[in-house]
1. If you build the convex hull over the alpha carbons only and average its shadow over all orientations, what do you get for the stretch 98-161? Give it in nm² to one decimal.
2. Determine, for each peptide in 406-417, 351-362, 279-290, 255-266, the mean count of other beta carbons within 10 angstrom over its residues, then list the peptides with the highest first.
3. Using Cα-only point scatterers and the Debye equation, what is log10 of I(q)/I(0) for the chain at each q in 0.05, 0.11 Å⁻¹, rounded to two decimals?
4. Ranked highest first by the average count of other Cβ atoms within 10 Å around their residues, in what order do 308-319, 221-232 fall?
5. Determine the distance separating the Cα centre of the stretch 494-526 from the Cα centre of the stretch 204-267; give it in Å without decimals.
6. Across the stretch 289-408, how large is the tail of the calculated P(r) beyond 20 Å, expressed as a percent of all Cα pairs?
7. Only Cα pairs under 8 Å and at least 6 apart count here; give the relative contact order of the stretch 418-569 as a rounded whole percent.
8. Name the residues whose placed amide hydrogens come within less than 5 Å of the amide hydrogen of Val270, ignoring near sequence neighbours (fewer than 5 apart) on the same chain.
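The values are calculated or read from the model by the stated rules, or taken from the named source; none is laboratory data. Everything numeric in this text was worked out from a predicted model, so none of it was measured. Note that each Cβ is placed from the backbone with ideal geometry, even for glycine, and that neighbours are counted across all protein chains shown. Protein only, heavy atoms only, side chains kept; ligands, DNA and RNA dropped before computing areas. Shrake-Rupley method; radii C 1.70, N 1.55, O 1.52, S 1.80 Å.
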Amino acid sequence: MAVKSLFIVCFMSALIQLTLASKARHFKWEVGHIFWSPDCLENVVIGINGQFPGPTIRAKAGDTIVVELTNKLHTEGVVIHWHGIRQFGTPWADGTAAISQCAINPEETFVYRFIVDKPGTYFYHGHYGMQRSAGLYGSLIVDVADGEKEPFHYDGELNMLLSDWWHKDVTEQGLGLSSKPFRWIGEPQSLLINGKGQYNCSLAAHVSNSSLPLCRKLHGHCSPHVLHVIPNKTYRLRIASTTALASINVGIGHHKMVVIEADGNYVEPVTVDNIDIYSGESYSVLITTDQNPSSNYWVSLNVRGRNPSTPPGLTILNYHPNSPSKLPTSPLPVSPAWNDYPKSKAFSNKILARPGSPKPPTKPNRRIFLLNTQNTIDGYTKWAINNISLVLPTTPYLGSIKYRLKNAFDVESPPETFPSDYDVMKPPVNPNSTHGSNVYMFKFNNTVDVILQNANALSADVSEIHPWHLHGHDFWLLGYGEGKFTAADEKKLNLKNPPLRNTAVIFPYGWTALRFVTDNPGVWAFHCHIEPHLHMGMGVVFAEAVHLVKKIPNEALGCGMTAKMLIRP
């Protein structure tokens, strides 16, 4: 306990020092529907100030971000989640509808105000309905504070925000997921790099044996986001994935990548040929432009973990002074097969904390097992955790728990484990599930272990990848394993140099072990970051020491039972 208290004191001291030298950065946004052609086919997307993706926010550690957001969607609410920002002291600014705040109604304005406390590669996205699938996202990059230095050198910087894109409207997608019979959204039509991709053609048809025709005269919205570099330099390439479904492998032709950052935390540098990145994750890699300067080189995205019907996403690493339109003559980078999970696991196991990073407490105060299963409720297909499928209330949890409102949600504690005889290798014997609020209550400053346990879905021989994201925290990723977690797996946990992350994947038929400290009073979502899986109930809610939360702004609580409370005389 003394170690934890010292950590909090040191953190708060550092935060105060950062704040003294920081500045406020103000943004005024209007969120609305716009016509756009992300992959050369015009569609309706959700944009910010008339652009897609949304504007990139750039700040320094310790700065205060102030976003005055007005909802111009006319027929639906909106919120923005600042993915990876821990929101110490401002849990109402986390941007999760029905959890941390009410959705912002059409023509209403809400002001997000929060501190970005540590440098790193982050992004933001909509967290209401399936608005992330509709294009509501953008990059958020935090540089080191003035007077601080990164623990590595680079000459320039590049940024790639990865996403996937459907031609089917998200309203139709959501309806299909909630229908009987169930209608799956299908695979994305395109993979986008900074909002740009190509549908029904290929940049590399002449070298990739693609059945698609060669793209010609690309311009405007879908013109590739070319990465411009100078020979014999070192570049930091920031890569973040806000995909709704796809897990992606990223490769750069003839170039190695040195991973140096994961989810806003420094890691022990490791050299790789390509990286796997799951929805919700972010990385920084260093690349050195030491190849033949008379050529350009392919940057490719390929789907992992699902049998892909989506063509690769492509752009070009353009060596100056070559023309950006000069296509590389070399083949596309070799990507692992979509179901080569040993390579995926090998990459994940290489990501370790940089020496000097905070180490996890040696033992937990509490351990929770979360079994991920596909189930049915009254004939509807759902995802469930410990046999409960998440349904969010009309009153945000943060307000109802803070002000002890009765009947605002189901207060019954959800299960902290699952039956010991459950066979994770087979479809559920009894697929029936139930709805629930799924709120786990935690004391302040406790150490909690979460064992994420994957299982077979409703169909035989099907177990899917699930990237899980925790709001309000970083956690130590203690390890991965095969099959069902057992007492013998305790010895496999890495307490020496586990990386700090905010998103972690569970591989098919496996488990992933996480450890975090409940040092951030608030109510925090913990969920699968695949958009349709969350829509179908794959998530839980962590409430910790909510009584310590300072006064919540009235603007965050103007709905449900808290709205009635605010208008009392």
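1. On the way: hull surface 26.7 nm².
For the stretch 98-161, the mean projected area of the Cα convex hull comes to 6.7 nm².
2. Result, highest mean Cβ count within 10 Å first: 279-290, 255-266, 351-362, 406-417.
3. Normalising to I(0) and taking log10 leaves -0.19, -1.03.
4. 308-319, 221-232
5. One Cα centre to the other: 28 Å.
6. Here the tail beyond 20 Å accounts for 75 percent of pairs.
7. 29 percent
8. The list, which skips near neighbours in sequence, is Val259.
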